[in-house]
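The values are calculated or read from the model by the stated rules, or taken from the named source; none is laboratory data. Owing to the predicted nature of the structure, the values given are computational and were not obtained by experimental measurement. Here the Cβ is made from the backbone with ideal geometry for all residues, glycine too, and neighbour counts use every protein chain on show. Surface accessibility is based on the protein's heavy atoms, side chains included, excluding ligands, DNA and RNA. Shrake-Rupley method; radii C 1.70, N 1.55, O 1.52, S 1.80 Å.
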Amino acid sequence: RSRHSVPGVGLISPPPHHDIYSIEDLAQLIYDLKCANPAARISVKLVSEVGVGVVAAGVAKGKSEHILISGHDGGTGASSWTGIKGAGLPWELGVAETHQTLTLNNLRSRVVLQADGQMRTGFDVLVAALLGADEFGFSTAPLIVMGCTMMRKCHLNTCPVGVATQDPELRKKFEGKPEHVVNFFFMVAEEIRGYMARLGVNTFQDLIGRTQFLRQRES
């Protein structure tokens with residue numbers, strides 16, 4: 001009804017990217033979203049690439065409250081294989097550049113910085129925090145915990161374990177439970193607490209941006 005369509009027509013959510021050619025266009029979109037919902041926290045997702053810090057600075061000046069830096073790893077099962085394998089850089093590079101650029105321009109306090117892209121362990125969260133991230137996105141690991149077997153059929157409605165399908169027969173095969181995901185995140189949190197104890201840090205907030213705790217691994 002809201003899309004003025006009829007039953008039987010497959011609807012794909014159209015992202016409003018077709019008219020964004022500059023930071024000014026993005027700022028206008030952010031303004032329109034704020035007008036539509038003044039209480040909303042507007043988030044902008046940026047691909048981890050060389051120069052992402054400059055774009056993030058423009059996004060922060062455009063009054064966005066949240067910036068997500070997405071790494072080259074991960075991606076949904078509906079994404080093309082070439083896109084997953086060939087687009088972007090590791091989130092470590094994007095988060096580090098974004099945090100430094102925002103700090104240099106006195107914009108860091110305006111936004112919440114999130115990182116994602118195949119985060120699976122507490123060590124990943126720790127490194128992201130030390131590089132400057134405030135929040136962390138998990139997707140693949142919790143899906144696997146719920147029973148996902150990475151068949152890459154999310155967009156075909158034929159998921160054999162009933163995770164990404166609307167077929168009633170296939171959905172009967174879903175065996176995931178909320179407790180499994182809760183357990184997983186408890187284990188991640190416990191691992192992070194262990195690293196914090198070794199570093200002598202009392203609160204997680206004290207980790208953010210503390211790059212002096214990082215060193216290059218000897219190969």
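Only residues that are of a type in the set (Phe, Trp, Tyr) and open to solvent by 100 Å² or more (accessible area, probe 1.4 Å) were counted in the range 180-191, giving 1.
Among residues belonging to the range 192-219 that are free of Cβ contacts under 8 Å to residues at least 40 places away in the same chain and small (Gly, Ala, Ser), point out the one that is surrounded by the most Cβ atoms within 10 Å (Cβ to Cβ). Among those that are free of Cβ contacts under 8 Å to residues at least 40 places away in the same chain and small (Gly, Ala, Ser), it is Ala197.
Residues of the range 102-161 that are assigned to a loop (DSSP other than H, G, I, E, B), in contact (Cβ under 8 Å) with a residue 60 or more places away in the chain and not acidic (Asp, Glu): Gly117, Thr121, Gly132, Ala133, Ser139, Met150, Met151, Arg152, Lys153, Cys154, His155. For the range 63-86, the criterion of being at pLDDT below 80, farther than 30 Å from Ala129 by Cβ and open to solvent by 80 Å² or more (accessible area, probe 1.4 Å) is met by at least one residue. Considering the range 35-58, and only residues there that are among the polar types (S, T, N, Q) and part of a loop (DSSP other than H, G, I, E, B), the residue that is most open to solvent (accessible area, probe 1.4 Å) turns out to be Asn37. The number of residues in the range 162-179 being within 23 Å of the chain's Cα centre (by Cα) and either in contact (Cβ under 8 Å) with a residue 60 or more places away in the chain or surrounded by 14 or more Cβ atoms within 10 Å (Cβ to Cβ) (or both) comes to 4.
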